[in-house]
Structure formats: structure tokens, C-alpha cells
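Shown next, in C-alpha cells, is the structure this report addresses.
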Amino acid sequence: MTSTPAPFVDVVFPASLETPLTYRVPAAWRGAATPGKRVAAPLGRRTVTGYLVATREDAPVQDIKDLGAILDAEPLLDAHLLALSRWVAEYYLCPWGEVIRTALPQESTRSRDEWRP
């Protein structure tokens, strides 16, 4: 039996946000939405690069924004590195997205200004 890809994802950003934000994944992208990939997502009035850290079946709130884009064909981080980066963020009391950004090679952490749809 094949499982249906999850319609929602949790994303962290290399910013002062403490918790992941949930976004709706457009149906055409659901098979590609896997943890460890970079994504473009609306944050306030801007679209910024974040890191997809989890998939989920249900949204925690009613008003959910759509994910802007999935930027990577393959995950940059596997489940073990995601778990380690989360532990580091909790232990050192810093944003999870900042830990991921620091752990990745600089080439993989392009800013939104360099991202083109």
C-alpha cells in the first residue's frame, strides 16, 4: 500500500524564530516535499529561504500559507543530521534554522536575493 504524501510541512528559518512554521504544500509538489530540503516560503511580506524539517497530516491552525518553492532535488540533511541540529539548538538555546544554516556549506545557504523562481 502506498502512502499519500503529507499536505503540510514544518519549516525553520535562520532567524530569531524559536519554533517551526507550518505551510501547505501544493498538490503537485507533495511527493518532493521531504525533510532536509531548502524551501522558499512566505515570511511576513517577503519570501525567504528556510529548511523543511518535518511533514504533517494536519495543520495546527486554520489560516495556512502555501509553500513558495522546493529548492533542492535531494535533501541536504538526513534524519540524523536534522536530529543533531535540533539537539544543538535546544541545548544552546538558539534557533534551529540558524544551526542548520551554520552546519551546511556556505554554497548551500544562498540568501533569498540569490534565489530565483
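Using a 1.4 Å probe, what is the accessible area per residue for the chain, in Å²?
Counting only protein heavy atoms, the per-residue value for the chain is 63 Å².
Roll a 1.4 angstrom probe over the protein heavy atoms and tell me the percent of accessible area of segment 1-76 that is carbon or sulfur.
In segment 1-76, the share of accessible area belonging to carbon and sulfur is 51 percent.
Can you list residues whose amide H is under 5 Å from residue 55's amide H, if they're 5+ apart or on another chain and H is modeled 1.01 Å from N?
10
Please work out whether the chain counts as rounded, prolate or oblate from its C-alpha gyration tensor, where a ≥ b ≥ c are the square roots of the eigenvalues and a/c under 1.5 means rounded, while otherwise a/b larger than b/c means prolate and anything else oblate?
Rounded.
Once phi is turned into θ = phi - 60°, what whole-Hz ³J(HN,Hα) does the Karplus curve with 6.51, -1.76 and 1.60 give for every residue of segment 43-56, x standing for Gly and Pro?
Rounded to whole hertz, the list is 9, x, 9, 10, 10, 10, 7, x, 10, 6, 10, 6, 10, 8.
Got a sec? What order do 96, 87, 29 fall in by accessible area at 1.4 Å, biggest, i.e. largest, first?
Descending order: 87, 29, 96.
Using just the helices of the chain, give the 222 nm mean residue ellipticity in deg cm²/dmol: DSSP H runs with n ≥ 4 each add -39,500 (n - 2.57), and the total is spread over all residues, rounded to 500.
After summing the helix terms and dividing by the residues of the chain, the value is -5500 deg cm²/dmol.
Ranked by accessible surface with a 1.4 Å probe, highest first, in what order do 72, 66 come?
66, 72
Could you size up the charge dipole of the chain around its Cα centre, putting +1 on the beta carbon of Lys and Arg and -1 on that of Asp and Glu, and report it in debye to the nearest 20?
320
Angle, helix 79-92 long axis vs. longest principal axis of the chain, Cα atoms, 0 to 90°, nearest 10?
It works out to around 50 degrees.
The values are calculated or read from the model by the stated rules, or taken from the named source; none is laboratory data. Because the structure is predicted, anything quoted here is derived from the model rather than measured. A quick note on method: Cβ atoms are made from the backbone with ideal geometry, for glycine too, and the neighbour counts reach across all protein chains shown. When the accessible area is computed, the model is the full protein with side chains, heavy atoms only, and any ligands, DNA or RNA have been set aside. Shrake-Rupley method; radii C 1.70, N 1.55, O 1.52, S 1.80 Å.
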